[in-house]
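Read the figures in this text as sums done on the coordinates, not as results from a lab. Note that the structure is a prediction, hence the values are computed from the model and not measured. Here the Cβ positions follow ideal geometry from the backbone for every residue, glycine too, while neighbour counts run over all protein chains shown.
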Amino acid sequence: MTIHTIEIPEDNAVFGQTVSAFAGFGYSAAVRAHGLLFIAGTIGRRADGTIPDTIEEQTEIAIQKIEEILRLENLDLSALVDITSYHVDIRQHLPGFIEAKQHYVTAPYPTWTIIGVDGLASPGLLVEIRATAAYPDASR
């Protein structure tokens, strides 16, 4: 079994100074194994480390980070096969989340599990999204 860790370059414009979180917390942005790309939970923290106030902006940033990881592997959002999102105050924020995600994720849709939680790693975070993508050439 071949497992490959996906590294985000230190100078990546999408991740910015948030790249340091991977080493700081001891995890990988993504791991490739068995023809799949497993993407760690991504949050809507801006490249400068600040957290937007709105669910829409946090959702857009989190999806843009997923999109960037996919780009680094020569994939795009259409490669997504499974997504799980974790939401603080889900009833209040779900409409804004759905509106923002519709700008990025289109049919045919991946599976998606939406889970309400009491909180995330930092105060002010409203959503975290983890995803799995499939490579067109499963031998990767």
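Could I have the simple spin-label model distance between residue 48 and residue 114, label points 7 Å from Cα toward Cβ, reported in nm to one decimal?
3.1
Each residue of region 33-40 in turn: what ³J(HN,Hα) in whole Hz from Karplus with 6.51, -1.76, 1.60 and θ = phi - 60°, glycine and Pro shown as x?
Calculated HN-Hα couplings, in order: 7, 6, x, 10, 10, 9, 9, 4 Hz.
Given N residues in region 88-140, what is Rg(Cα) / (2.2 N^0.38 Å)?
So the Cα radius of gyration is 1.42 times the expected 2.2 N^0.38 Å.
Just in region 34-129: which trypsin sites (Lys or Arg not before Pro) are loop by DSSP and have at most 16 other Cβ atoms within 10 Å?
46
Quick one: helix 90-101 against the long Cα principal axis of the chain, what's the angle to the nearest 10°, folded into 0 to 90?
50
Based on the alpha-carbon set only, what is the convex hull volume of the chain divided per residue, in Å³? Could the numbers behind the result be given before it?
Details: hull volume 15.2 nm³, N = 140.
Taking the convex hull of the Cα positions in the chain, it is 109 Å³ per residue.
What length, rounded to one decimal in nm, is gained on full extension from residue 34 through to residue 90, with 0.36 nm per residue of separation minus their alpha-carbon distance?
Working: separation 56, 0.36 × 56 = 20.16 nm, distance 3.33 nm.
Going from the current span to full extension adds 16.8 nm.
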